[in-house]
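Engineer: Handing you a structure now.
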Amino acid sequence: MWELSEAKYDLSDLILDRSTTSQLLDVISYFQNRTLLFETWGLGQRFPQQLCLAVNLYGPPGTGKTMAAHAIAKAISMPLLCVDYAEIESKYVGETSKNLSDLFHTAQEKQAVIFFDEADALLSKRVTNMTSATDVSVNQTRSVLLNLLNSYQGVILFATNFIQNFDAAFLRRIKFHIAFHLPDQVLRERLWRMYIPDKMPCQADFAYLAAAYDGVSGSDIANAVFSAAVSAAREKETMVTQPYLEDAIQSVLRVKQANAGGVTVSVRRISEEEAQKKIGGSKQS
Amino acid sequence: MILTALLFGAAVIAGAGIVAAFWNDLVAFLKKAVEKVRAVVAGIVYGTKVFIRKIGEAFKEISRNYSKVDDHWQETIVTREIPASKVPEDILARANEIGYGQELDITDELEMQLESA
């Protein structure tokens, strides 16, 4: 049921800010120096339950979380077992938990890194006021996953755009939480340069593109380069020039804004008490 | 908390330069956020609190919107990233001061701006 894949990217493929890069290197260091840390330096005496390395990569879409998961796997020389929540979830009661157990067992056996993309579907808050069989099933799945994380001795990576939705119990069990951000101007320029292939004739002012178009992710820049190349080829140009790249990135931005209004949204239910504290007796509008 | 009526009823915040631009841009974002909340939760949106948080080289504007659906309260969080260059210096300094990942509550300041607009 579960297919292993080789990591496609390594750390040199990532263009990230210093803080994110440093945290990724910490994760790799943690894995590579376990004997030094837990035996030679005795961390095992103070932190006995550290057999599982769980890492949460969170941040806006297109900022490199999936690439980073591959890069971690490559750096620690392990294959990846990429999991979609749809593959885990079953309409039959109890089957979802069984699938999860099977997944962890397979990963342990094959010495693979488990990678859950869109992990909020799996790690979101448990239902406190259960009113349906679905609520019971959701909570049962969460409990099984918590138990699996407690006993698992391998590496597990989660990626999400919505860390706000995570259940606190999962947050506690995940050792590293690494934030991914939209690139700043300097990183954007590097991304523009990186995504233009060496062989592609191109005449563009990357510094200008980086300065003029902020709020874009690495993935947006990659898409823009691709679209610009296709348009230039269609027009039988001999090279991809600035107007093509600008048209393409503007188009990417338009789609993005139309889709989300440039914002991320998450919803959580709060108690009457918390609500009263927050709204402080204000009148209804 | 900023009441929804105040948010939608306020005039443009006067002034020039980065400060007025920041507040007016923030109001536009909050209005959009409330509309989004209305679309998502299909309930009455009572009001909004607004925070700013440093994340790497940029900042995140966070609106926490309070609504009631079928007798249950909900908090809908709408966020967006803005570059540091768009944040006024005093807010920038305070956000830097409170530390990475911490949220600076700027609700009262925005409320004052809206009331005087």
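The values are calculated or read from the model by the stated rules, or taken from the named source; none is laboratory data. All values reported here derive from a predicted model rather than from experimental measurement. Positions of Cβ are backbone-derived with ideal geometry, glycine not excepted, and every protein chain shown enters the neighbour counts. We work out accessible area using only protein heavy atoms, side chains counted, and drop any ligands, DNA or RNA first. Shrake-Rupley method; radii C 1.70, N 1.55, O 1.52, S 1.80 Å.
Engineer: Just reorder B:92, A:57 by solvent-accessible area, largest first, 1.4 Å probe, all chains present.
Structural biologist: Sorted descending by solvent-accessible area, the residues read B:92, A:57.
Engineer: Ignoring ligands, DNA and RNA, how do A:253, A:4 rank by accessible area with a 1.4 Å probe, largest first?
Structural biologist: From most accessible down to least: A:4, A:253.
Engineer: Which FRET efficiency value, to the nearest 0.05, is calculated for residue B:86 and residue B:109 with the Förster distance at 22 angstrom and r the Cβ-Cβ distance?
Structural biologist: For R0 = 22 Å, the calculated efficiency reads 0.90.
Engineer: Could I ask something else about it? Given the C-alpha centroids of region A:1-30 and region B:78-116, what is the distance between them in whole angstrom?
Structural biologist: Cα centres, region A:1-30 to region B:78-116: 32 Å.
Engineer: Could you list the chymotrypsin sites (Phe, Trp or Tyr not before Pro) in region A:1-103 that lie in coil according to DSSP, counting only those with at most 15 other Cβ atoms within 10 Å of their Cβ?
Structural biologist: For chymotrypsin sites (Phe, Trp or Tyr not before Pro) across region A:1-103 that sit outside H, G, I, E and B with at most 15 neighbouring Cβ atoms in 10 Å, the list reads A:41, A:92.
Engineer: Report, to one decimal in Å, the Kirkwood hydrodynamic radius for the protein assembly as shown based on all distinct Cα pairs.
Structural biologist: Roughly 23.5 Å, rounded to one decimal.
Engineer: Which FRET efficiency value, to the nearest 0.05, do you get for residue A:13 and residue A:76 by plugging their Cβ-Cβ distance into 1/(1 + (r/R0)^6) with R0 = 25 Å?
Structural biologist: 0.95
Engineer: Could I ask something else about it? Given q = 0.15, 0.23 Å⁻¹, what are the Debye log10 I(q)/I(0) values for chain B, with equal point scatterers placed on the Cα positions and solvent ignored?
Structural biologist: Log-scaled intensity ratios, in q order: -0.65, -1.33.
Engineer: Determine, at each q value in 0.17, 0.19, 0.20 (inverse angstroms), the log₁₀ of I(q)/I(0) that the Debye formula gives when each Cα of region A:1-55 is one equal point scatterer.
Structural biologist: Taking Cα atoms of region A:1-55 as identical point scatterers yields -0.75, -0.85, -0.89.
Engineer: Between residue A:47 and residue A:230, what is the spin-label point distance in nm, taking each point 7 Å from the Cα along the Cα→C-beta axis?
Structural biologist: Inter-label distance under the simple model: 4.6 nm.
Engineer: Right, something else. Please report the accessible area of residue A:190 (heavy atoms, 1.4 Å probe, ligands and nucleic acids excluded) in Å², nearest 10.
Structural biologist: Per-residue accessible area (residue A:190): approximately 120 Å².
Engineer: Could you name the lysines in cross-link range of residue A:236, using Cα to Cα under 19 Å and dropping any fewer than eight places away on the same chain?
Structural biologist: Counting by Cα, and skipping residues close in sequence, residue A:236 has these lysines nearby: A:199.
Engineer: While we're looking at this one, here's another question. Residues of the protein assembly as shown: accessible area per residue at 1.4 Å, in Å²?
Structural biologist: 50 Å²
Engineer: Work out how much length residue A:32 to residue A:143 would gain on full extension: take 0.36 nm times their residue separation and subtract the Cα-Cα distance, in nm to one decimal.
Structural biologist: Stretched out fully, the residue A:32 to residue A:143 stretch lengthens by 37.0 nm.
Engineer: Of the listed pairs A:175/B:31; A:65/A:175; A:74/B:86; A:175/B:32; A:278/B:31, which have alpha-carbon separations greater than 28 Å here?
Structural biologist: A:175/B:31; A:74/B:86; A:175/B:32
Engineer: Any idea of residue A:184's accessible area? Nearest 10 Å², probe 1.4 Å.
Structural biologist: Roll a 1.4 Å probe over it and residue A:184 shows about 50 Å².
Engineer: In Å², rounded to the nearest 100, what is the total accessible surface buried by chains B and A against each other with a 1.4 Å probe?
Structural biologist: Heavy-atom accessible area buried at this interface is about 2600 Å².
Engineer: At 1.4 Å probe size, with no ligands or nucleic acids counted, give the accessible surface of residue A:21 in Å², nearest ten.
Structural biologist: 50 Å²
Engineer: Leaving ligands and nucleic acids out of the surface, order A:193, A:18, B:64, A:173 by accessible area at 1.4 Å, largest first.
Structural biologist: A:18, A:193, A:173, B:64
Engineer: Measure off 7 Å from each Cα along the Cα-to-Cβ vector at residue A:168 and residue B:5, then give the distance between these two points in nanometres to one decimal.
Structural biologist: So the two model labels end up 3.5 nm from each other.
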